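Data block below; observations after.
Read-outs throughout are calculated quantities, based only on the coordinates presented, and are distinct from any laboratory measurement. Because the structure is a prediction, the values reported are computed rather than measured. Note that we place each Cβ from the backbone using ideal geometry, even for glycine, and neighbour counts take in every protein chain shown.
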């Protein structure tokens with residue numbers, strides 16, 4: 001049987017294949033390029049993302065998943081079908097496959113029904129849903145124990161999940177529509193305001209990943225190209241790490257506000273266990289310089305970051321789909 005874990009992210013879709021020891025087999029942008037009044041599909045995934053900000057008048061770049069929700073079912077189906085094809089799974093095998101989908105913490109029945117409909121349209125019949133904090137914990141190599149609760153903070157592109165959990169369930173947790181995409185949008189606005197240069201989403205993401213830092217007196221600089229607002233022609237400027245630091249810190253501080261609300265709800269014994277264990281941090285934003293240290297200092301807690309935090313959720317899904325007993329304990333619902 002083919003066993004899959006699927007993290008259908010707002011920014012990147014990741015797929016883990018657990019049978020035959022394959023591991024992570026796909027990580028591609030969750031976007032589709034469409035053209036004309038009939039919205040004919042021109043490109044999917046990485047090929048579509050290359051076109052962001054560069055398309056002609058009648059071509060549009062669509063992100064079918066936004067802040068954890070499916071906002072364009074037709075294109076979400078087209079996209080996931082293509083991704084499944086790219087990892088070499090023939091349509092005839094999909095009906096006999098088991099797929100674990102990551103969903104936001106506290107996912108509503110309406111949201112899981114949408115995911116179930118998407119899976120069904122793609123030919124996946126046997127599916128499970130697991131809240132992202134469980135999978136992030138497994139992917140970060142946290143030990144789930146009934147007597148030793150674990151706190152996970154997963155900062156994605158469009159959704160951040162924070163939860164304190166045990167194998168019996170989530171003790172306290174929530175999801176928020178804040179993530180790396182907000183930081184990118186803020187960087188676009190700040191560079192135009194401070195430098196007089198209009199840049200696109202791809203450039204903002206690159207700037208964030210190259211020089212984004214929450215270190216005191218952060219150093220580093222990069223050149224970014226775009227359109228000069230004053231003369232309306234192409235140009236470039238140098239951007240320093242300290243100039244975009246507020247764009248990152250603003251959203252990390254907001255995330256920590258909500259994280260503190262979760263921690264404040266904990267019973268005393270659970271709080272003691274969490275304080276001793278620290279917080280498991282995952283998501284691509286965790287790779288930015290000094291973000292883990294900043295979070296640890298603000299919360300006054302130890303922070304654990306795995307080697308590839310951006311893959312923690314899908315790796316945890318791979319661990320869950322391999323272990324039927326574990327999956328039966330943490331799955332939200334079953335679809336046959």
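Figures for the structure shown
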| item | result |
| --- | --- |
| Fraction of antiparallel bridges per DSSP, the chain only, in percent to nearest 5 | 70 percent |
| Stretch gain in nm, segment residue 85-residue 293, where the contour uses 0.36 nm per residue and the Cα spacing is subtracted | 70.9 nm |
| Inter-site label distance for residue 221 and residue 264 at 7 Å from Cα along Cβ, in nm | 4.3 nm |
| Residues listed by number, segment 176-191, amide nitrogen under 19 Å from residue 229 label point at 7 Å toward C-beta | 183-191 |
| Most mobile of 314, 274, 223 in a GNM of the chain (Cα contacts under 10 Å) | 223 |
| Residue order, fewest to most surrounding Cβ atoms within 10 angstrom, among 105, 247, 306, 151 | 306, 247, 105, 151 |
| Which label in [x] 63, 51, 33; [y] 72, 47, 36; [z] 63, 40, 34 gives the computed Cα extents along the principal axes in Å | [x] |
| Estimated FRET transfer efficiency (residue 109, residue 71; beta-carbon r; R0 25 Å; 0.05) | 0.90 |
| Calculated log₁₀ intensity ratio I(q)/I(0) where the Debye formula runs over C-alpha points of segment 93-153, q = 0.27 Å⁻¹ | -1.06 |
| Efficiency of FRET from Cβ geometry, residue 20 and residue 92, R₀ 22 Å, rounded to 0.05 | 0.80 |
| Global geometry of segment 1-151, whether rounded, prolate or oblate, following the gyration tensor of its Cα atoms and the 1.5 cut on a/c | prolate |
| Separation of the residue 308 and residue 38 label points, Cα + 7 Å toward Cβ, nm | 4.0 nm |
| Inter-centroid distance (Cα atoms) of segment 23-60 relative to segment 74-144, Å | 21 Å |
| Whole-number Å³ per residue for the convex hull built on Cα positions in segment 180-246 | 69 Å³ |
